[in-house]
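A.B. asks: The structure follows.
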Amino acid sequence: MSRAAITLCADDYGLAPGVGRAIRALIEAGRLQATGCMTGSPFWTAEAARLKPLEGKAHIGVHLTLTDHRPLGPMPLLAPEGRFPGVGALVKRALLHRLDRAEIAAELERQVDAFETAMGRPPDFLDGHHHVHQLPVVRDVVLDLWRRRLQPGGWVRSCWECPLSIWRRGIDPVRATIIAGLGLRFRLMLRAAGAPHNASFRGVYDFSGKVPYGELFARFTDRPGPATLVMCHPGEVDDELRACEWLTDQREVEYRFLASDRCPLSLTERGITPAPLSPA
């Protein structure tokens, strides 16, 4: 009888050196099977060089970014002062169809270009910082990138999850349901295009630390079906991270759990095997 499998994917590689150190250590230890890279970060080139020796140990993709940080090129409509809007403002603009497709496409193309320049190959997958890749206008650009820039077998993250499953899990269900709802149309588009993608998406929570991460992890990984992807945000806090992100200390909480013996023991006790994503 085959064991149930999950894929643990760390977001935000390249954001800051401490995040990179944690993610590389976890990949080396076999605790992560994928990581998405923020190629617009000023640390990306150096962090990519440190990641290259781990090629083949995990899927490495582009964590497409349109919120909070700086674009790689001029974006006079979305980032007139050289900085992306917050996620709430971006979602509102996307839902009102007030995003310029050509401008979005040019920036996301630059981010994929930056990956290829540093890594010497196409990304294994595409996803989005704050799940922006599934928003109206942006999702059309992402599908076009998948067709043109990824090799056969390259996949795209789907954030759709059945709301009944979300509410049974009981972890930040309102936020998780909103993210899933925004991703339903994109899931249908991925299927219609024949784009490989995960079937289940988990890992959304409020980063408050009120519930021990080990308990959250057990619930996120409970009864995985085929192509289950669990998002995580491990990292070590450094000055560079504090300067660019509000999410700091909880990254270390996640890192300590994922690096500990409690992580594989939690999975083994329930007959679950970490494995690279086999997309739907």
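A.B. asks: If you go through the stretch 262-280 one residue at a time, how many are surrounded by fewer than 17 Cβ atoms within 10 Å (Cβ to Cβ), assigned to a loop (DSSP other than H, G, I, E, B) and hydrophobic (A, V, I, L, M, F, W, C)?
C.D. replies: 1
A.B. asks: Ok, one more. Would you call W146 touching a residue at least 40 places away in the same chain (Cβ under 8 Å) and surrounded by 12 or more Cβ atoms within 10 Å (Cβ to Cβ)?
C.D. replies: yes
A.B. asks: Please work out which residue is surrounded by the most Cβ atoms within 10 Å (Cβ to Cβ), limiting yourself to the stretch 211-242 and to residues that are over 19 Å from S200 (Cβ atoms) and among the charged types (D, E, K, R).
C.D. replies: Within the stretch 211-242, the match that is surrounded by the most Cβ atoms within 10 Å (Cβ to Cβ) is E236.
A.B. asks: In this structure, is E252 within 17 Å of the chain's Cα centre (by Cα), surrounded by fewer than 21 Cβ atoms within 10 Å (Cβ to Cβ) and of a type in the set (D, E, K, R)? So that I can check it myself, show each step before the final result.
C.D. replies: Numbers: within 17 Å of the chain's Cα centre (by Cα): no; surrounded by fewer than 21 Cβ atoms within 10 Å (Cβ to Cβ): yes; of a type in the set (D, E, K, R): yes.
Answer is no for this residue.
A.B. asks: Follow-up. Here is a list: E236, E254. Which entry is touching a Pro at 6+ places or on another chain (Cβ under 6 Å) and either part of a loop (DSSP other than H, G, I, E, B) or touching a residue at least 12 places away in the same chain (Cβ under 8 Å) (or both)?
C.D. replies: E254
A.B. asks: Could you look through the stretch 191-210, keep only residues that are under 15 Å from A180 (Cβ atoms) and touching a Phe, Trp or Tyr at 6+ places or on another chain (Cβ under 7 Å), and pick out the one that is surrounded by the fewest Cβ atoms within 10 Å (Cβ to Cβ)?
C.D. replies: G203
A.B. asks: Of the residues in the stretch 239-251, how many are assigned to a helix (DSSP H, G or I) and either among the charged types (D, E, K, R) or touching a Gly at 6+ places or on another chain (Cβ under 8 Å) (or both)?
C.D. replies: Going through the stretch 239-251 one residue at a time, the tally reaches 7.
A.B. asks: Taking the residues in the stretch 39-68 that are β-branched (V, I, T) and buried (at least 23 other Cβ atoms within 10 Å of the Cβ) as candidates, determine which candidate is farthest from the chain's Cα centre (by Cα).
C.D. replies: Step one: filter the stretch 39-68 for residues β-branched (V, I, T), giving 39, 45, 60, 62, 65, 67.
When the remaining residues are screened for being buried (at least 23 other Cβ atoms within 10 Å of the Cβ), the result is 39, 60, 62, 65.
Values: T39: 13, I60: 10, V62: 8, T65: 10 Å.
For the stretch 39-68, the residue satisfying everything is T39.
A.B. asks: Here's another thing I want to ask about it. For the stretch 163-180, enumerate the residues that are in contact (Cβ under 8 Å) with a residue 12 or more places away in the chain and surrounded by fewer than 13 Cβ atoms within 10 Å (Cβ to Cβ).
C.D. replies: Correct list: G170 only.
A.B. asks: Next question. Being more than 21 Å from V112 (Cβ to Cβ), over 20 Å from the mean Cα position of the chain (by Cα) and touching a residue at least 24 places away in the same chain (Cβ under 8 Å) is the filter here, so list the residues in the stretch 77-99 that pass it.
C.D. replies: L95, H97
A.B. asks: Here is a follow-up. I'm told S208 meets every condition in (1) small (G, A, S); (2) closer than 24 Å to T67 by Cα; (3) in a helix (DSSP H, G or I) except one. Can you identify the failing condition by its number?
C.D. replies: (3)
A.B. asks: Also, quick follow-up: On the basis of being surrounded by fewer than 18 Cβ atoms within 10 Å (Cβ to Cβ) and either in contact with a helix residue (DSSP H, G or I) (Cβ under 8 Å, 6 or more places away or on another chain) or closer than 16 Å to M231 by Cβ (or both), does W155 make the cut?
C.D. replies: So W155 does not fit the description; no.
Any read-out appearing in this document is the output of simple, stated calculations on the displayed coordinates, not a laboratory observation. All values reported here derive from a predicted model rather than from experimental measurement. With ideal geometry, Cβ positions are generated from the backbone for all residues, glycine too; neighbour counts draw on all protein chains shown.
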